[in-house]
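One structure below.
Bear in mind that the values in this text are calculations on the coordinates, not laboratory data. For clarity, every value in this text was computed on a predicted model and none was experimentally measured. Glycine gets a Cβ as well: all are built from the backbone with ideal geometry, and neighbour counts include every protein chain shown.
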Amino acid sequence: MVCLIGVPVAMNQMAQVFLAARTEHWCSVEEWENDVDACADLTEDAYLGCIHKYRNASIPIKEDDDGKYYSQCQKFDATYPNWDDEYYAGKETNDTIDCDEGWVYDQSEYTRTIRTDVCISFYFLFIHIYSTCTQLV
């Protein structure tokens, strides 16, 4: 009897590994959105190379006590042309802006998680909160 209870409990505990996993993300550049989406059709290694070239060209590198990393909330404030392998927005400006066109998520390990769905559907949160509050009243 105890074993029967263990299976659903284990499934519930392990679900968090897959549903709430942290994935790398960075600001999207609207002009390159179709190019980034086309990366999804590539093999895993080619996929990572493809999405990282867009990240490297548009996202500033930050530094803290743990080392260097790409910003997840800002991109260079630049006029982005059609994609060119030689382009780097950091040559054009050092100014940055907050993400205003959504995010790109590294989908090499997980294609969807709760975190990515929540970020994409952020405005649905307000609808849910409003409907929950009206039900309480």
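Observations on the model:
- Rounded if a/c under 1.5, otherwise prolate or oblate - segment 9-107, Cα gyration tensor axes: prolate
- Estimated at 0.36 nm per residue, the fully extended path between Trp103 and Thr132 surpasses their Cα-Cα distance by 7.6 nm.
- In nm, spacing of pseudo-spin labels at Asp85 and Gln13 (7 Å Cα→C-beta vector): 5.0 nm
- Cα gyration tensor category, rounded, prolate or oblate, for segment 18-61 with a/c compared to 1.5: oblate
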